[in-house]
């Protein structure tokens, strides 16, 4: 099959850029461990309130782990528990969350903390909070009529 | 068969009986455009915070209508109508049996559409078009959606039969390019809709009828997105058909290369399906490795997109130079800018540049976290499907509808059509830009107006939401304009003959090699890629499944 000379240049340039781009994304993912949030822990969605750590939602200081704080947050239609979270600036935080009913979102507006909460799964994301201020936590996955009133607040304090 | 009169006209006309079937699909498509567009207008108005819906209508009910009618009904009906006409034009008139299948498919789809629409209007199915189990709609909604899919399969079988008939009658010959493209698109559709069919038939229908208590949520979402991304290519490929085959003829030029066009379509077949995880990047229960793998497969569609961009502009430049254009970009001025059949799709092509760039960001593994489920994504697909695809469809309507009705596009209507394209471009630039920016600031998609308890961040979003309403209102004017032109072309335009333009391949292009049409090779690779991308993660999902979810009706 004949390919025009200019088209060969165009494809070579385009495909090389693509490969370079994917190498950067892959390097950042597998070398620096920068993956999107995931979770492999399973939970009975109807017994969330009885199962640790969700029997005690809130901010917990931890020792001897790669992170300083664990933020445990339970979502249900149309609330987050707790309604407010406070962590110190510069600390490394593990967000641990699940839902008691339908699928919800867990998005901290203006940051890249953004996970889907699915019944039966525990979603986790570890990050360093390096911006002070109040960040709105909101549900970004449609969950019903009260979807847009579902909020919490992340306060990063000095 | 070509009659003497048609030979004298210099082009072939789609048989009237096939045309009627194509037109039936077009009617439904444009009715869906009107109702779905009206819902879109209501949404942007509500989201501005200055307007509330009357008579107890819910925002999410309107959103469901908007998504289902424009994302599924307008697109699927228009595409099937266009493809029926394209097949009939390039591979010959359908046999009575093939046409009957086309009609059966049309009615099955239409019964399904009415059933689903009824449940949405009764507020029994405000689950949006992505279904969102364990939110549970009325079973009739799911059955309706299943019928839409099954109906489209029946139409697909009619198209396949026509193609097979042509191949048998012309052994050793590459099929007509447009017919080949139709078959690639329908093959992709048949393979990808299996996912959503399995979800609806084996998970959602038994569950909504109460035959089973629980549903596996992650599996249902995975099956949906196995279908949900190829769906967007199912919208896009007919636009590419117009660009590759029709536009070169409209500008008076030639198709740059038949072989590269075919290769590009086959690459879309391969890399459209094993990519659904890029819609699920922030979800639990799927290992990062498999997410990344599907990210890489997603990005492979950059290659056929590069091929397409090159071919388009090569056709344009060659034609411009033929008309005596000088300098590096002089050919650009020589293009037929006063012809809506060219200009309107061209605006769509231009929109695909930022649309494609945004798409790369969306699918980029960790970068997705910043924009996932924000209204940035809504801004993105209003550029892809609601500008690139839809403007190409509008541009195609300006010759396809009069061709089928035996009328002509008048000069006035042509002018109005260009104005329509400009109105659309202006409205979409405002709305989509506002959505992109406010999405980066964190504003969510699929959400009613909310002040989020007076949060400072949410207050900053409101000016952009007003901009969305301004853009959306301009777009609705665009919908009124296109509907005015469509009604004119269907019922009032002067009688006459309009060409269904089919480009010829450039005399410099070589004959296409037959391996490009060897379905055994391509379907084998296609299925192998799907199995590679999905087998392990789906087995893990099923083996490690948590207790299922009962249904909820939270609206």
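Condition check ((1) outside any helix (DSSP H, G or I); (2) outside the structural domain of residue A:105 (by TED's automatic domain parsing); (3) within 26 Å of residue A:102 (Cα to Cα); (4) at pLDDT 90 or above) across all residues:
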site	(1), (2), (3), (4)
A:10	no, yes, no, no
A:22	no, yes, no, yes
A:27	no, yes, no, no
A:48	no, no, yes, yes
A:55	yes, no, yes, yes
A:63	yes, no, no, yes
A:66	yes, no, no, yes
A:71	yes, no, yes, yes
Within segment B:287-329, residues more than 25 Å from residue A:10 (Cα to Cα) and facing chain A (nearest Cβ under 8 Å) come out as B:287, B:288, B:291, B:292
Checking the structure you have, find out if any residue of segment B:276-286 is more than 11 Å from chain A (Cβ to nearest Cβ) and under 26 Å from residue B:371 (Cβ atoms). yes
So is residue A:104 closer than 19 Å to residue B:553 by Cβ and more than 9 Å from chain B (Cβ to nearest Cβ) or not? yes
In segment B:457-498, anything surrounded by fewer than 17 Cβ atoms within 10 Å (Cβ to Cβ) and under 30 Å from residue B:261 (Cα atoms) is listed as B:497
Helices (runs of 4 or more DSSP H) (entirely within segment B:165-263) containing at least 3 residues that are in contact with a helix residue (DSSP H, G or I) (Cβ under 8 Å, 6 or more places away or on another chain): B:177-198, B:217-241, B:247-250
Any chance residue B:237 is modelled with pLDDT of 95 or more and either crowded, with 20+ Cβ neighbours inside 10 Å or in contact with a strand residue (DSSP E or B) (Cβ under 6 Å, 6 or more places away or on another chain) (or both): yes
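Residue-wise test of (1) in a helix (DSSP H, G or I); (2) over 17 Å from residue B:149 (Cβ atoms); (3) touching a residue at least 24 places away in the same chain (Cβ under 8 Å).
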| residue | (1), (2), (3) |
| --- | --- |
| B:62 | yes, yes, no |
| B:68 | yes, no, yes |
| B:75 | yes, no, yes |
| B:79 | yes, no, yes |
| B:87 | yes, yes, yes |
| B:106 | yes, no, yes |
Enumerate the pairs (first residue in segment B:268-282 and touching a residue at least 40 places away in the same chain (Cβ under 8 Å); second residue anywhere and surrounded by 24 or more Cβ atoms within 10 Å (Cβ to Cβ) and assigned to a loop (DSSP other than H, G, I, E, B)) with beta-carbon separation below 6 Å, excluding pairs fewer than 6 apart on the same chain, so at least 6 apart or on different chains. B:281/A:36; B:282/A:36; B:282/A:37; B:282/B:372
Could you tell me which of the residues B:507, B:517 is at pLDDT below 95, loosely packed, with under 14 Cβ neighbours inside 10 Å and within 14 Å of chain A (Cβ to nearest Cβ)? B:507
Sole miss for residue A:96 among (1) without any contact (Cβ under 8 Å) to a residue 60 or more places away in the chain; (2) more than 14 Å from every other protein chain (Cβ to nearest Cβ); (3) part of a strand (DSSP E or B) is condition (2)
Number of the condition not met by residue B:270 [criteria: (1) farther than 30 Å from residue A:29 by Cα; (2) more than 14 Å from chain A (Cβ to nearest Cβ); (3) touching a helix residue (DSSP H, G or I) at 6+ places or on another chain (Cβ under 6 Å)]: (1)
All but one of (1) touching a helix residue (DSSP H, G or I) at 6+ places or on another chain (Cβ under 8 Å); (2) under 20 Å from residue B:221 (Cα atoms); (3) in a loop (DSSP other than H, G, I, E, B) hold for residue A:102, so report the exception by its number. (1)
Which one of these does residue B:68 not meet: (1) in contact with a helix residue (DSSP H, G or I) (Cβ under 9 Å, 6 or more places away or on another chain); (2) farther than 24 Å from residue B:192 by Cβ; (3) modelled with pLDDT under 95? (2)
Picked from segment A:136-152 (must be surrounded by fewer than 24 Cβ atoms within 10 Å (Cβ to Cβ) and not in a loop (DSSP other than H, G, I, E, B)), the residue farthest from the other protein chains (Cβ to nearest Cβ) is A:152
Being more than 7 Å from chain B (Cβ to nearest Cβ), modelled with pLDDT under 95 and in contact with a strand residue (DSSP E or B) (Cβ under 7 Å, 6 or more places away or on another chain): is that true of residue A:122 here? no
In segment B:12-28, what residues are closer than 16 Å to residue B:491 by Cβ and buried (at least 21 other Cβ atoms within 10 Å of the Cβ)? B:19, B:26
Taking helices (runs of 4 or more DSSP H) that do not extend beyond segment B:337-448, which have at least 2 residues that are more than 14 Å from chain A (Cβ to nearest Cβ)? B:340-362, B:375-383, B:390-405, B:411-440
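The values are calculated or read from the model by the stated rules, or taken from the named source; none is laboratory data. Predicted, not measured: the structure shown is a model, and the values here were computed from it. Positions of Cβ are backbone-derived with ideal geometry, glycine not excepted, and every protein chain shown enters the neighbour counts.
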